[in-house]
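Worksheet for the structure shown next.
The values are calculated or read from the model by the stated rules, or taken from the named source; none is laboratory data. Just so it is clear, the structure is predicted and the values come from calculations on it, not from any experiment. Cβ: placed from backbone, ideal geometry, glycine included. Neighbour counts: every protein chain shown. Note: areas computed on protein heavy atoms with side chains; ligands, DNA, RNA excluded. Shrake-Rupley method; radii C 1.70, N 1.55, O 1.52, S 1.80 Å.
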Amino acid sequence: EGEPQMDSDEDGPSVFLNVYDLQDASRPEWITNLNWYLYAMGLGLYHSGIEVNGREYAFGGHDMEGTGVFENEPRQAYGAVFREAIPLGKSKHRAQEIPGVIEELATEFSGVSYNLFTRNCNNFSDALGERLTGKRAPQWINRLASYGESIKCFLPPGVDSPHM
């Protein structure tokens, strides 16, 4: 279940939304434990990436010019614990077209544009999943960030900065 499959040349490759529990380096289990409760309420502290063609693509912030999009081994995100792979279906694009789709989207997701609440890894995964398959990410992966935007005035300054 949820395992990548080999695709024929006529079909676009399978696309997965990989969801992770974020981790706090000083107390690695606390967010994962919290997420088990929050998940039942449709909330949580998650990282996500899109797996396609044997690679995973995600987005993060930094304060330099250039894209914040990066690639890594599927289901191996740094600073996070893999939770689940959600199948989004087959890509509308052939395997050899996908790097161009990712490069185009990468120009829209610069590292300095990262915002913890309004433009984060989950927003990128949603956009890439939709471009590749026409399907959106489930709302629960980013719902807590949406709530965070509405209470940002109560949080420490800079909590939503690109190098968060």
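A compact table of results
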read-out	value
Restricting the stretch 80-96 to residues that are of a type outside the set (Gly, Ala, Ser) and in a strand (DSSP E or B), the residue that is farthest from Ile31 (Cα to Cα)	Lys90
Residue list for the stretch 98-135, restricted to those being without any contact (Cβ under 8 Å) to a residue 12 or more places away in the chain and open to solvent by less than 10 Å² (accessible area, probe 1.4 Å)	none
Subset of the stretch 98-145 that is among the β-branched types (Val, Ile, Thr) and in contact with a strand residue (DSSP E or B) (Cβ under 9 Å, 6 or more places away or on another chain) - its residue that is nearest to Arg75 (Cα to Cα)	Ile141
Single match in Glu56, Glu51, Glu71, Glu29 (criterion: of a type in the set (D, E, K, R) and closer than 20 Å to Asn115 by Cα)	Glu71
Members of the stretch 87-97 found to be in contact with a strand residue (DSSP E or B) (Cβ under 7 Å, 6 or more places away or on another chain) and either crowded, with 18+ Cβ neighbours inside 10 Å or without any contact (Cβ under 8 Å) to a residue 12 or more places away in the chain (or both), listed by number	Leu88, Ser91
Extreme residue, nearest to Ala145 (Cα to Cα), among residues of the stretch 11-43 that are of a type in the set (A, V, I, L, M) and part of a strand (DSSP E or B)	Leu22
Leading residue by the ranking (surrounded by the fewest Cβ atoms within 10 Å (Cβ to Cβ)) among those in the stretch 44-70 that are part of a strand (DSSP E or B) and of a type in the set (Gly, Ala, Ser)	Ala58
Residue count for the stretch 17-43, restricted to those that are touching a residue at least 40 places away in the same chain (Cβ under 8 Å) and in contact with a strand residue (DSSP E or B) (Cβ under 7 Å, 6 or more places away or on another chain)	9
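Conditions tested, residue by residue: (1) at pLDDT 90 or above; (2) over 26 Å from Leu88 (Cα atoms); (3) out of contact with any Gly (no Cβ under 6 Å at 6 or more places or on another chain).
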residue	(1), (2), (3)
Thr107	yes, no, yes
Gly111	yes, no, no
Phe117	no, no, no
Cys121	yes, no, yes
Gly129	yes, no, yes
Leu132	yes, no, yes
Gln139	yes, no, yes
Lys152	no, yes, yes
Asp160	no, yes, yes
